[in-house]
1. Would region 8-18 turn up any residue that is surrounded by 18 or more Cβ atoms within 10 Å (Cβ to Cβ) and part of a strand (DSSP E or B)?
2. Can you name every residue in region 1-31 that is within 14 Å of VAL58 (Cα to Cα) and of a type in the set (Ser, Thr, Tyr)?
3. Is it the case that region 35-42 has a residue that's on the phi < 0 side of the Ramachandran plot, modelled with pLDDT under 90 and under 12 Å from the mean Cα position of the chain (by Cα)?
4. Kindly indicate whether TRP84 is of a type in the set (Phe, Trp, Tyr), surrounded by 15 or more Cβ atoms within 10 Å (Cβ to Cβ) and at pLDDT below 90.
Amino acid sequence: MALPTVTQQDLFDKRAETNAWDIVLLHHSECTACGDIEGQLEGIAGNYPTVTFSKLDVTSDDIPLFAPPVLPAILALHNGTRIWEALGTFSNTTNLETTITNWLNMQVNFDDISGATSIHEFST
């Protein structure tokens, strides 16, 4: 099962929703690592029924202006607002899952995290 594809407009429309939790994979069809990360996200999506998992296909004609210039990248949005991101690849989902759980439970103080902090540095 592939992650459903969304558009930038779909993500902007989330701003009108309340209590919308989203994990969005920035993806490109020719990016092998993107496919690997998509598989990992598919594997954990069922563990988070309150979170919508999807992918945004990035093309040279449609580069998202709200996202980092790195593929693959995972964006975490709450009500359409970017809260955190994970860049690049990882060998397993343990730290990502801990981060998602902490995020949903409001247990991560993102004010203390700099732009260069990686998941493994703030996971428990």
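1. No, because not a single residue in region 8-18 is surrounded by 18 or more Cβ atoms within 10 Å (Cβ to Cβ) and part of a strand (DSSP E or B).
2. If the condition is that a residue be within 14 Å of VAL58 (Cα to Cα) and of a type in the set (Ser, Thr, Tyr), then THR5, THR7, SER29 are the ones that fit.
3. No, because not a single residue in region 35-42 is on the phi < 0 side of the Ramachandran plot, modelled with pLDDT under 90 and under 12 Å from the mean Cα position of the chain (by Cα).
4. Working: of a type in the set (Phe, Trp, Tyr): yes; surrounded by 15 or more Cβ atoms within 10 Å (Cβ to Cβ): yes; at pLDDT below 90: yes.
For TRP84, the condition - of a type in the set (Phe, Trp, Tyr), surrounded by 15 or more Cβ atoms within 10 Å (Cβ to Cβ) and at pLDDT below 90 - is met.
One line per residue, one yes/no per condition, for (1) modelled with pLDDT under 90; (2) surrounded by 11 or more Cβ atoms within 10 Å (Cβ to Cβ); (3) out of contact with any Pro (no Cβ under 6 Å at 6 or more places or on another chain):
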| residue | (1), (2), (3) |
| --- | --- |
| SER29 | yes, no, yes |
| ALA33 | no, yes, no |
| PRO49 | no, no, yes |
| LYS55 | no, yes, yes |
| VAL58 | yes, yes, yes |
| LEU77 | yes, yes, yes |
| THR94 | yes, yes, yes |
| ALA116 | yes, no, yes |
| GLU121 | yes, no, yes |
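The values are calculated or read from the model by the stated rules, or taken from the named source; none is laboratory data. The shown structure was predicted, so the numbers you read here are calculated from the model rather than taken from an experiment. Don't worry about glycine lacking a Cβ; one is built from the backbone with ideal geometry, like all the others, and counts go over all protein chains shown.
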